[in-house]
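Trainee: Below is a structure I'd like to ask you about.
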């Protein structure tokens with residue numbers, strides 16, 4: 001099994017000062033050992049330990065994987081506060097955040113079974129990272145072109161195109177236009193005993 005790679009060379013770490021203690025706290029609340037959590041997320045135990053102690057910063061794909069594993073949202077991982085069950089998310093309250101070169105805005109409410117994000121995917125090599133995990137994903141292209149690989153099939157989506165798929169289908173997302181791609185992205189938050197698998201030739205850690 002291939003796992004999530006470490007941060008790609010040349011990508012500056014995101015400034016996420018609150019994420020380290022939150023990651024450690026959420027893992028312990030979930031009753032997971034460092035080794036078990038690392039396997040579920042698709043990281044080496046050493047890399048997860050570096051994230052929990054602030055020696056490394058996670059990319060947005062890593063944050064998404066961690067949020068799914070702990071049954072929470074990226075906003076909660078970062079310690080961002082949002083009104084509980086507030087059905088309205090005002091544009092002026094959606095502050096951009098950055099992780100691993102990906103820029104995202106939280107556009108959904110807190111305490112829900114889904115997480116909604118507006119995401120800017122930069123135009124750069126996304127590696128060979130392929131994700132597999134329980135749940136569903138829905139995305140809608142706002143700007144640019146998106147290359148979505150589902151299983152063995154590759155699709156190029158233009159503005160106005162959407163995709164809705166089972167996340168157990170191996171999938172990869174990458175920008176396919178100069179200047180990157182902007183999209184709306186919704187995924188379910190499911191805690192499951194099934195491992196979150198990330199398959200790729202460039203993975204540095206290979207576990208079970």
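Every number here is computed from the coordinates shown, using simple stated rules; none is lab data. This one's a predicted model, so the numbers in the text were calculated from it and none came from an experiment. When we count neighbours, we look across all protein chains shown, and the Cβ atoms used for this are built from the backbone with ideal geometry, even at glycine.
Trainee: By counting other Cβ atoms within 10 Å of each Cβ, how are 88, 173 ranked from fewest to most?
Mentor: Ascending number of Cβ neighbours within 10 Å: 88, 173.
Trainee: Hey, can you rank 154-165, 37-48, 20-31 by average C-beta count inside 10 Å, highest first?
Mentor: Top to bottom by mean Cβ count within 10 Å: 37-48, 20-31, 154-165.
Trainee: What FRET efficiency, computed as 1/(1 + (r/R0)^6) with R0 = 22 Å and r the Cβ-Cβ distance, is obtained for residue 53 and residue 124, rounded to the nearest 0.05?
Mentor: 0.20
Trainee: Could you compute Rg(Cα) / (2.2 N^0.38 Å) for region 19-199, with N its residue count?
Mentor: 0.99
Trainee: Let me have the relative contact order for region 19-199, percent, based on Cα pairs under 8 Å that are six or more residues apart.
Mentor: Answer for region 19-199 is 23 percent.
Trainee: Also: So, by mean Cβ neighbours within 10 angstrom, what's the order for 180-189, 59-68 with the highest one leading?
Mentor: By packing density, highest mean first, the sequence is 59-68, 180-189.
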